[in-house]
1. Which one of these does Ile195 not meet: (1) more than 16 Å from Cys69 (Cα to Cα); (2) in a loop (DSSP other than H, G, I, E, B)?
2. Search the stretch 185-200 for residues that are of a type in the set (Ser, Thr, Tyr) and pair each with any residue that is at pLDDT 95 or above and surrounded by 23 or more Cβ atoms within 10 Å (Cβ to Cβ) when their beta-carbon atoms are under 6 Å apart and the residues are at least 6 apart or on different chains.
3. From the set of residues in the stretch 217-272 that are more than 17 Å from Val190 (Cα to Cα) and acidic (Asp, Glu), which is surrounded by the most Cβ atoms within 10 Å (Cβ to Cβ)?
4. Just one of the numbered conditions (1) among the aliphatic types (A, V, I, L, M); (2) more than 23 Å from Ala57 (Cβ to Cβ); (3) in contact (Cβ under 8 Å) with a residue 12 or more places away in the chain is not true of Leu177; which one?
5. Checking Asn66 against (1) at pLDDT below 95; (2) surrounded by 21 or more Cβ atoms within 10 Å (Cβ to Cβ); (3) of a type outside the set (Ser, Thr, Tyr): exactly one of these is not met. Which one?
6. Only residues that are small (Gly, Ala, Ser), closer than 28 Å to Glu59 by Cα and out of contact with any helix residue (DSSP H, G or I) (no Cβ under 8 Å at 6 or more places or on another chain): list them for the stretch 225-282, please.
7. Can you find a residue in the stretch 220-233 that is outside any loop (DSSP other than H, G, I, E, B) and at pLDDT below 95?
8. Would it be correct to say that Gly203 is free of Cβ contacts under 8 Å to residues at least 60 places away in the same chain and over 30 Å from Leu63 (Cβ atoms)?
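The values are calculated or read from the model by the stated rules, or taken from the named source; none is laboratory data. Just so it is clear, the model here is predicted, and its values are computed rather than measured. Backbone-built Cβ (ideal geometry, glycine too); neighbour counts: all protein chains shown.
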Amino acid sequence: MGLSSYVPWWAKLGIKLCLARLPVPYAFWKRLGVFRHGEMMVPERAISAFESHFQSAVEHGQLPANFRCFELGPGDSVLSGFVARAFGAQKAWLADAGPFAETDIAGCRAVLATLATRGLATAPLKSATLREAMEEFDVAYLTEGTSSLKKIPDQSVDFIWSQVVLEHVYRDEFPALMRELRRIVAPKGVGVHSIDFRDHLGGGLNNLRFGDEVWETKHFRNSGFYTNRIRPREMIDLMRAAGFSVEVLWEQRWPDLPLPRDRMAKQFQQFADEDFMVCEIRVIMRPA
């Protein structure tokens, strides 16, 4: 168990607020394990995450043989793009809020080797750099957040997926992101999204202690623990408002309310207890 397991949520919040204000690049904090955008640089992890969402899509629809896919929020690596190609994708787009992915080609070679041992061999890698490898395998990495999606043609993506990413999209940008996803998805396309509604401080709902006047400030948004606090039913309504039909594939719940209601900010008092009991869901989204 790491040291962070023993640090209370409020201490983590204070530490990250202070560290995020220092003029230190993200790569340095990532090496220290202070700020990290997922664990997709590990080949096995990148493969299992893609395969899990891909199987959900296949079980609930029919993807074309040479499907085109899009991952929202690949985090610290672009390996999922190469994994997608091994699973039959013709092209893979990846989009994130910044250039967080590692640039060493070693991870690409490792994931292709791992795929080969599982009978998912791709064409031999000819490139010497990761940038060249991405061009070779037709993997596009976009790093300007929601605005990046404007580079993807209308109705061109058959399979969209994300792994615990949607809860990190800024609250005021969420509707625009849903509209962009609706624009790029093919008429018979499908999206599979796993969403974690826990706070990213201690795995509870401590993020609900703060009102938007604090939580949505620049310092809180950029300190590595931001979640948009959109409640599950509210998020599904926003998806539907953008033109999707939504089905919940599975959910995980807390046995008891993880934060007393009198500890929540006033803006959350209007919600029913049910809106705080779901801690994680996977949904499938189709054009309505």
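1. Only one criterion in (1) more than 16 Å from Cys69 (Cα to Cα); (2) in a loop (DSSP other than H, G, I, E, B) is unmet by Ile195, namely (2).
2. Sorted first by the residue in the stretch 185-200, then by its partner, the pairs are Ser194/Gln163.
3. Per the criteria, the residue is Glu251.
4. (2)
5. (2)
6. Filtering the stretch 225-282 for residues small (Gly, Ala, Ser) gives 241-243, 245, 265, 272.
So of that shortlist, the ones also closer than 28 Å to Glu59 by Cα come out as 241-243, 245.
Across the stretch 225-282, the qualifying residue is only Ser245.
7. Among the residues of the stretch 220-233, at least one is outside any loop (DSSP other than H, G, I, E, B) and at pLDDT below 95, which makes the answer yes.
8. yes
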